[in-house]
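Working notes, beginning with the structure itself.
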Amino acid sequence: MNQNIVNFKKIRMDIFNKLVNAHWKNELDCNFLDQLFNEIKSKYNLDSSYDNYIKDYIRLNMGLDPSGKNEFANEITDVTNLNTVKKPIVNKISGLCDKCEKKDDCNLCKYESHIYRRSPGPIIDHNKCVSCGKCIDDCAYGAILDKIEFIPLVNMLKDKSHRIFAAVAPSIAGQFGDNISLGKLRTAFKLMGFEDMVEVALFADILTIKEALEFNNLVKSKEDFYLTSCCCPIWTSLTEKQYPKLYEHMSLSISPMVASGRILKYLYKDNNTKVVFIGPCVAKKSEAKDPRVEGAIDFVLTYRELKEVFETLNINLVDLPSDDKDQASYGGRVYARVGGVSFSVKTVVNRIAPRRLIKFKPKKVNGVKQCKELLDELSKNPIVDYNFIEGMGCIGGCVGGPRTNIDKDKATDIVNESGEDSLIMTPFDNMNVMKILDALGVSDMEDILENKNVAKILTKE
């Protein structure tokens, strides 16, 4: 058949839709997998040379490793017992590159880390890969895919002994429709079996205060500079793996995503509390598996995957009542776009040290190309006229992530509106933060760095 007419992205989401529907109805078994394989093969007119690839698509859509095998064996048992999806997140479908006309000239990772070599097709060097997801979108032949983590999550949603929180990234505003509020999304999650939905922007507020205090302590001269570690795992991974000397200038703070998991599990001190992060990127799936933070986040879903779930389960967000809560500040919510972290940290620095001799001077870069250019520049000449560096791996910030549902410019406008809707202007004004810190044993926001319990929770190492 003509390879060019195969729409692998459509095939993948078609498979995912059918898996979700079957598992939700308790119909997911070995016979169903065989039926699904035959249905997809017939529907898309795929010959026998695609058999292994279809079955690996099914495996990856269940959160399992691809095997390249033509027969299903223990997949149902494996996914039933899967409490967390394992690395690697980004996988190559073995053999599919042989069908590609560009197999001898494959350059899917131009800027990131030169992780792909001609073999034919790409070889993933997981020691260098930053899991940005760009290669997945750019590969028209569907030879590179990330695992989807929803199928094993269904087991927990049905198990009433688990308390499961949906922790949503700040960039979620507007991703499911112009009139879909955070309150409507909270209602939808509760219908699915989640205990509640929490804004990760709330935990961004906490990290903002910590990083503002660190900046104030560490940046004492014009030669000092500080790299934020908040938000973006592409930025932090790129810096750590390829620029180890510069990584010494980076805060060891965990990301707001990880903070949400660690703090929720601390507040609900039992083994039955689970936290699912919903966001715009593939890299968060890998970040959650970092040994230094592993266990904080149980599963990661993207906006595109969640949209498919809502449609499959016939959850009509427009018709749902809105369960509204004001959890995060303006500063925390605008973490989703370029400059949001810098703005938020600056508001706190100005609050705690209004008469600093060395003023807060941010430098903001977005997209892997810009991030690498800045890190290269810093490597050659660390004496610069800025002292706070915010890196975002995606163009536009998280609103431009590879698994968003809407245009980044529109998303940026909606994120700004979502921030303005908050009655809380800055992290320092957020009484929700104070309540959490009090539960962690901190009586004053400015004591975050001195409290050993908080330091343990909010630090990677």
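Relative to the dominant Cα principal axis of the chain, helix 340-352 is inclined by about 20°.
The slack between Y386 and L449, meaning 0.36 nm per residue of separation minus the straight C-alpha distance, is 20.3 nm.
Near L357, once Lys and Arg are set to +1 and Asp and Glu to -1 for all other residues with Cβ below 14 Å from its Cβ, the sum equals +4.
Remark: segment 400-408, residue by residue, has Karplus-estimated 3J(HN,Hα) of x, x, x, 10, 8, 9, 10, 4, 5 Hz, where x stands for each Gly or Pro and the curve is 6.51 cos²θ - 1.76 cosθ + 1.60 at θ = phi - 60°. Here's the list of aspartates and glutamates a cross-link from K245 could span, going by alpha-carbon distance under 16 Å and ignoring same-chain residues fewer than 8 apart: E223, D224, E373, D376, E377. Think of each Lys and Arg Cβ as +1 and each Asp and Glu Cβ as -1; about the Cα centre, that makes the dipole of segment 1-79 roughly 360 debye.
Charge tally around T459: other residues with Cβ under 12 Å, Lys/Arg +1 each, Asp/Glu -1 each, net +3. What separates the Cα centres of segment 365-409 and segment 170-195 is a distance of 28 Å. Here the label points at I76 and T459, each 7 Å from Cα along the C-beta direction, are separated by 4.9 nm in the simple model. Note on N179 and D407: their simple-model spin labels are 2.1 nm apart, each label 7 Å out from Cα toward Cβ. May I ask for the angle, rounded to the nearest 10°, between helix 200-218 and the longest principal axis of the chain, with both axes built from Cα atoms and the value confined to 0 to 90°? Around 50 degrees separate the two axes. Note on the chain: helix-only mean residue ellipticity at 222 nm, from DSSP H runs of 4+ residues weighted -39500 (n - 2.57) and normalised by residue number, equals -12500 deg cm²/dmol. Exposure proxy for R337, R186, R292: other Cβ atoms within 10 Å of each Cβ, ordered fewest to most, give R292, R186, R337.
Given the convex hull of the Cα atoms of segment 1-79, what is a quarter of its surface area in nm²?
Here the figure is 4.9 nm², rounded to one decimal.
Put in line by how crowded their Cβ is, counting other Cβ atoms within 10 Å and starting with the fewest, Y247, Y330 read Y247, Y330. Per-residue Karplus couplings for segment 26-42, computed as 6.51 cos²θ - 1.76 cosθ + 1.60 with θ equal to phi - 60°, are listed in order as 6, 10, 7, 8, 4, 5, 5, 4, 5, 5, 5, 4, 5, 5, 5, 4, 6 Hz, Gly and Pro entered as x. Positive-end ranking of G63, N216, A173 along the dipole of the chain, with charges on Cβ about the Cα centre, is headed by N216. Remark on K274: its backbone amide H falls under 5 Å from those of R163, I164, F165, a criterion applied only to residues 5 or more positions apart or on other chains, H modelled at 1.01 Å from N.
In this Cβ point-charge picture (+1 for Lys and Arg, -1 for Asp and Glu), the chain has a dipole of about 760 debye about its Cα centre. For segment 258-263, putting each phi into the Karplus relation 6.51 cos²θ - 1.76 cosθ + 1.60 with θ = phi - 60° gives couplings of 5, 4, 4, x, 5, 6 Hz, in residue order, rounded to whole numbers and with x for Gly and Pro.
Applying a threshold of 21 Å to the alpha-carbon distances of K69/K99; K210/K408; K147/K289; K10/K147 flags K210/K408 as lying beyond it.
Annotation: peptides 416-423, 361-368, ranked by per-residue average of other Cβ atoms within 10 Å with the highest first, follow the order 361-368, 416-423. DSSP finds beta bridges in the chain, and of those with both partners inside it, around 15 percent are antiparallel.
Computed from the coordinates by the stated procedures, all read-outs in this text should not be read as laboratory data. Here the structure is a predicted model, which is why all the values come from computation and not from measurement. Methodologically, a virtual Cβ is constructed for each residue, glycine included, from the backbone with ideal geometry; neighbour enumeration extends over all protein chains shown.
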